[in-house]
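Below: the structure, in structure tokens.
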Amino acid sequence: MTALVPVTSTGTWYCLDRQSAVFIGNSVPSPLKFTHDISVTGSSLALPPKPKSKVKCRSVTPLPKPKQQPQLCRSFEKGDDLSGKKLCILTAIKPINLEKEKLRFFKSDYTYNPQFEYANPALPGVLAKYSNASDRFLKQSIKIMELTLQKYGSYEKFEQATGGSLLTKTRIWSHVRKYMLKEGCLGEIVVHLTEDLLSRASMTVVNGCPTLTINISTAREHWLEGMLRHEIGTHYFRAVNNLQQPWNSWPGRKKHELKPNNPTEEGLASIHSVLFRKDPFLWRAALLYYTVYQASQMSFCELFKDIGKFVQDPNTRWDYCVRAKRGWTDTSQPGCFSKDQVYLDGILQILRFRDSIDFHLLTALGKVSYEDVDRLKELAVTENMRVPHFLHDHSRYMEHLEKIMEVNELTDAELKALM
């Protein structure tokens, strides 16, 4: 298996093999080809460019070449099937003047509405697809945040009490390596640490390598493993499993009439983020949902002021507002990028039908909706399916889903009425 070694001067782990695209170990059979996208982003704005490094990859003991080298195409945003076109919308809607506009906004005492610029503006039709916000779960999002504040007083106190201390790079490397060993995927994923990411982490394909990018400014001691369950245990494993299925291409998905993999994909990953927490409040998903809806009704300045009742820190508020307003040029006008509502939407759908979902198959069948599992299971390729360790104990897993319901004061009657 190809080894990964941290190069501290760049904050990156490198595959120690001259053939950098070869990184899959024995847990995935060598005849398997990565011919399709396995981009899976966890609450991501966009993956920053990989930093150029003067450090050269050094060879270790020569490794036998796999019989066939995995072939990975460039990443694209999952779920965005635009007539078969592969488009990285999250890259297209990342403002290029973000820091400049942030400085101007803060200097104005939060009264200036940023005017964002884009290197490659997204197609109007793409933005239109994500311009309509829903209020379907608005009541639940507000209740979840109010419950959190009732117990902890403020988001900042909740973050410190439940997230723990921020981790150093060395400790992040240690936690990531330990988790990869637990899942049997050490050597398969390149890990990159950065501060240039609005999300906490993202999983994408960069230059043919599955790449986990971690935001070190949000990597907290008690939350890091939840992030790894989100990015690796959910997104990465579902993507790898998807590669061997008959629906591993857009024509294949159309042939088998698959529903979009979202909101299932992000809902499942978000559940796994909080799965084993002492207090698994769905705070982040709730705030993202609420912020998007309010952005559709408000200007940037109005939105920034409005979410102040839930988040005090100006930098955190800025990040949430940017996520909700990205893609827009003139933020003085009401308008949103609605994709961030997918997290709470997916969570609540999965919790609503949790007793009838086969969670083992939901991961094993790849990038599929929970609604498609029953009819696809007879068509699936079941050899070499990869399922994360936390799904092995079904009873324990279901107990923690019940705890999420309880802590967030969600009831089956309430969810059935909504869905």
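Inspect all residues belonging to segment 402-416 and state whether any of them is in contact (Cβ under 8 Å) with a residue 24 or more places away in the chain, under 23 Å from the mean Cα position of the chain (by Cα) and surrounded by fewer than 19 Cβ atoms within 10 Å (Cβ to Cβ). The answer is yes; a qualifying residue exists.
From the list Ala324, Ala285, Ala239, the one residue that fits, being touching a strand residue (DSSP E or B) at 6+ places or on another chain (Cβ under 9 Å) and of a type in the set (A, V, I, L, M), is Ala239.
Checking Gln294, Gln333 one by one, the residue that is assigned to a helix (DSSP H, G or I) and at negative phi is Gln294 and no other.
In segment 337-358, the qualifying residues are those that are more than 19 Å from the chain's Cα centre (by Cα) and outside any helix (DSSP H, G or I), and the one that is surrounded by the most Cβ atoms within 10 Å (Cβ to Cβ) is Ile357.
If we only count helices (runs of 4 or more DSSP H) wholly inside segment 213-260, which ones have 2 or more residues that are surrounded by fewer than 23 Cβ atoms within 10 Å (Cβ to Cβ) and without any contact (Cβ under 8 Å) to a residue 12 or more places away in the chain?
250-255
Among residues of segment 261-298 being of a type in the set (Asp, Glu) and buried (at least 21 other Cβ atoms within 10 Å of the Cβ), the one that is nearest to Ser141 (Cα to Cα) is Glu266.
Considering only residues that are in a loop (DSSP other than H, G, I, E, B) and polar (S, T, N, Q), look in segment 111-156 and name the one that is farthest from Trp328 (Cα to Cα).
Filtering first and then ranking leaves Ser154.
Only one of the numbered conditions (1) over 20 Å from the mean Cα position of the chain (by Cα); (2) part of a loop (DSSP other than H, G, I, E, B); (3) among the polar types (S, T, N, Q) is not met by Ser174, and that is (2).
Yes/no matrix, rows are residues, columns are (1) surrounded by fewer than 17 Cβ atoms within 10 Å (Cβ to Cβ); (2) within 30 Å of Leu410 (Cβ to Cβ):
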residue	(1), (2)
Asn97	yes, no
Lys100	yes, no
Asp109	yes, no
Asn113	no, no
Pro121	yes, no
Pro124	yes, no
Ala128	yes, no
Ile144	no, yes
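For segment 360-400, a tally of residues being touching a residue at least 40 places away in the same chain (Cβ under 8 Å), over 25 Å from Trp250 (Cβ atoms) and either touching a Leu at 6+ places or on another chain (Cβ under 8 Å) or among the polar types (S, T, N, Q) (or both) returns 3.
Taking the numbered list (1) within 19 Å of the chain's Cα centre (by Cα); (2) surrounded by fewer than 20 Cβ atoms within 10 Å (Cβ to Cβ); (3) farther than 24 Å from Pro280 by Cα; (4) in contact (Cβ under 8 Å) with a residue 24 or more places away in the chain in turn, His192 passes all entries but (2). For first residues located in segment 302-319 and in contact (Cβ under 8 Å) with a residue 40 or more places away in the chain and under 15 Å from Pro334 (Cβ atoms), partners that are surrounded by fewer than 18 Cβ atoms within 10 Å (Cβ to Cβ) and not β-branched (Val, Ile, Thr) and lie 6+ apart or on another chain with Cβ distances below 9 Å form the pairs Phe304/Tyr110; Phe304/Pro314; Lys305/Tyr110. Return yes when Tyr290 is hydroxyl-bearing (Ser, Thr, Tyr), farther than 30 Å from Arg396 by Cα and in contact (Cβ under 8 Å) with a residue 60 or more places away in the chain and no when it is not. The answer is yes for Tyr290.
Would you check if Val206 is at pLDDT below 95 and touching a Cys at 6+ places or on another chain (Cβ under 8 Å)?
no
Screening Lys325, Lys377, Lys367 for residues that are at pLDDT below 95 and among the basic types (Lys, Arg) leaves exactly one candidate, Lys377.
The values are calculated or read from the model by the stated rules, or taken from the named source; none is laboratory data. Quantities reported herein were computed from a predicted structural model and do not represent experimental measurements. Neighbour counts are summed over all protein chains in view; Cβ atoms, including those assigned to glycine, are modelled from backbone coordinates with ideal geometry.
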